[in-house]
Structures are given as structure tokens and as C-alpha cells.
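K.L.:
One structure is given below, represented as C-alpha cells, and several questions about it will come after.
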């Protein structure tokens with residue numbers, strides 16, 4: 001499958017400054033940026049930047065980021081499922097994971113997460129894919145936001161619904177381990193029925209074991 005990436009950018013006002021929201025970003029451009037020190041939810045900022053550059057270099061990888069000058073203050077990642085996860089079992093070339101969404105605390109008041117995700121879906125760039133995200137409460141910044149589990153879950157659902165992602169059932173053990181965890185999915189308008197059926201088989205192992 002040919003992975004089409006159409007770079008575009010826009011200016012986001014922030015207090016008396018202007019931020020640049022852009023992507024999908026090429027790895028060479030990303031490598032010239034630095035990470036905000038508050039972007040440490042998954043690993044140290046420097047290590048996270050290296051991971052973003054690696055993802056951007058993948059044929060299917062996409063990085064959408066917002067920067068203040070040359071400092072990245074928020075990002076969203078898209079890539080194939082990890083080979084260790086069940087979502088890779090179908091061997092689907094049109095199944096993409098919306099992975100990490102992270103925004104530095106001082107920049108969270110202007111809806112950057114939502115704007116970056118919407119930017120990724122603009123210009124019909126993801127209509128050939130089933131895009132999914134797995135929400136696990138243990139990844140959520142409950143302490144930093146002051147939100148309860150269900151408040152945070154509601155916030156994440158609204159965020160994903162802004163690009164047409166909806167809740168999908170699954171028997172995945174990790175998702176089923178807590179009622180706040182969930183699988184959200186958007187099926188692009190050009191995705192064939194055969195891929196939807198294959199994704200159903202990945203979502204539900206038990207149904208097809210008998």
C-alpha cells in the first residue's frame with residue numbers, strides 16, 4: 001500500500017506568541033528540533049525525540065507536532081501496531097494505530113491535542129485506513145490534570161470523537177481489565193469490507209475459536 005503524506009502547517013495563537021502546528025513531519029526536520037522538558041510521559045524527552053524521528057522515517061509512520069520556535073510542545077504519533085500486540089496479528093497494511101498523544105502542561109489550555117489529531121485527518125489523508133487507539137487508564141495523567149478516571153475517559157472519548165472515532169467492543173484482556181479502558185476506531189471511507197472483517201477477527205479471538 002502506498003502511504004500518502006501531505007505536509008501542511010498552520011499557526012496557533014498562544015498568549016502573545018505563535019505556535020506552529022505541522023505534519024506529517026519528515027525525520028530530518030524533526031531531528032533539528034528539541035523537546036519541551038515536560039514531555040516525559042513515556043520516556044526522557046531526548047529519548048522520546050529519537051523515537052519520534054524513528055517513527056517519522058517509517059513508510060507508514062506519521063508525526064504531527066506543535067512547536068514553540070524549535071521546541072516541540074506537543075505531538076501525536078501514527079504507526080503500524082507493535083509486533084508484540086494482538087492488533088498486528090492480522091498482518092493488515094491498512095490498520096494504523098493512533099499511538100501517543102502528549103502536550104506539555106503549560107500548553108494544554110488551548111486544545112492542542114484535538115487540533116493535532118484533526119490535522120492528521122485533514123485532506124482525507126487517512127481515508128484508506130482503519131485507525132484505532134487503545135486507551136488505558138494507567139497511561140493517563142490523572143495527577144497532572146486533577147481529573148478522576150471517568151472524567152479523563154470522557155475527555156479522551158470527546159477528543160477521539162472529534163475525528164469520527166467511535167467505541168468498539170473487543171475481548172482484548174488488557175482493555176477488559178478495567179472498565180475505563182477502551183478501544184476507539186475510525187474506518188476510512190475507502191477501506192474494503194475484507195479489511196473490516198479481518199479487523200473484527202483481531203478484535204474478538206474467542207468468537208472464532210469454536
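K.L.:
Just grab the label-to-label distance for residue 7 and residue 178, each label 7 Å out from Cα along the Cβ direction, in nm (one decimal).
P.N.:
3.9 nm
K.L.:
Okay, moving on. Percent of Cα-Cα pairs more than 12 Å apart in segment 146-199, please.
P.N.:
Working: 1011 of 1431 pairs.
So the portion of pairs separated by more than 12 Å is 71 percent.
K.L.:
At 7 Å along Cα-to-Cβ for each site, give me the label-to-label distance between residue 28 and residue 54 in nm.
P.N.:
Here the modelled spin labels are 2.2 nm apart.
K.L.:
Hey, in the GNM for the chain with a 10 angstrom Cα cutoff, which one of 34, 133, 77 fluctuates hardest?
P.N.:
Ranking 34, 133, 77 by mean-square fluctuation puts 34 first.
K.L.:
Can you tell me how much longer the chain between residue 44 and residue 114 gets when fully stretched, taken as 0.36 nm per residue apart minus their C-alpha distance, in nm with one decimal?
P.N.:
My answer for the length gained is 22.8 nm.
K.L.:
On C-alpha positions alone, give me the angle between the axis of helix 193-203 and the longest principal axis of the chain, in degrees, nearest 10.
P.N.:
90 degrees
K.L.:
FRET efficiency for residue 17 and residue 124, Cβ-Cβ distance as r, R0 = 35 Å, nearest 0.05?
P.N.:
It comes out at approximately 0.65.
K.L.:
Now a separate question. In whole percent, what relative contact order does segment 8-208 give with Cα contacts below 8 Å and a gap of six or more residues? It would help to have the intermediate numbers written out before the result.
P.N.:
Values: 337 pairs, mean separation 33.4, N = 201.
Relative contact order here is 17 percent.
K.L.:
Then there is this: Go through (i) 46; (ii) 18; (iii) 15 and flag the label whose value is the computed percent of Cα pairs over 32 Å apart for this structure.
P.N.:
Matching the structure shown: (iii).
K.L.:
Please report Rg over Rh for segment 26-140, where both radii come from the alpha carbon positions and Rh follows the Kirkwood definition. Walk me through the numbers before you get to the answer.
P.N.:
On the way: Rg = 14.0 Å, Rh = 14.8 Å.
That ratio is 0.95, to two decimals.
K.L.:
Measure nothing but the geometry: give the 0 to 90° angle between the long axis through the Cα atoms of 45-56 and the longest principal axis through the Cα atoms of the chain, rounded to 10°.
P.N.:
On a 0 to 90 degree scale, this one is about 60.
K.L.:
Considering only 157, 16, 127, give the residue with the highest GNM mean-square fluctuation for the chain, with springs between Cα atoms whenever their separation is below 10 Å.
P.N.:
Checking each option, the largest mean-square fluctuation is seen for 16.
K.L.:
Taking a quarter of the surface of the convex hull around the Cα atoms of segment 69-128, what do you get in nm²?
P.N.:
5.6 nm²
Values in this text are rule-based calculations from the coordinates and carry no lab data. Computed from a predicted structure; not experimentally measured. No Cβ is skipped: glycine too gets one built from the backbone with ideal geometry, and neighbour counts run over all protein chains shown.
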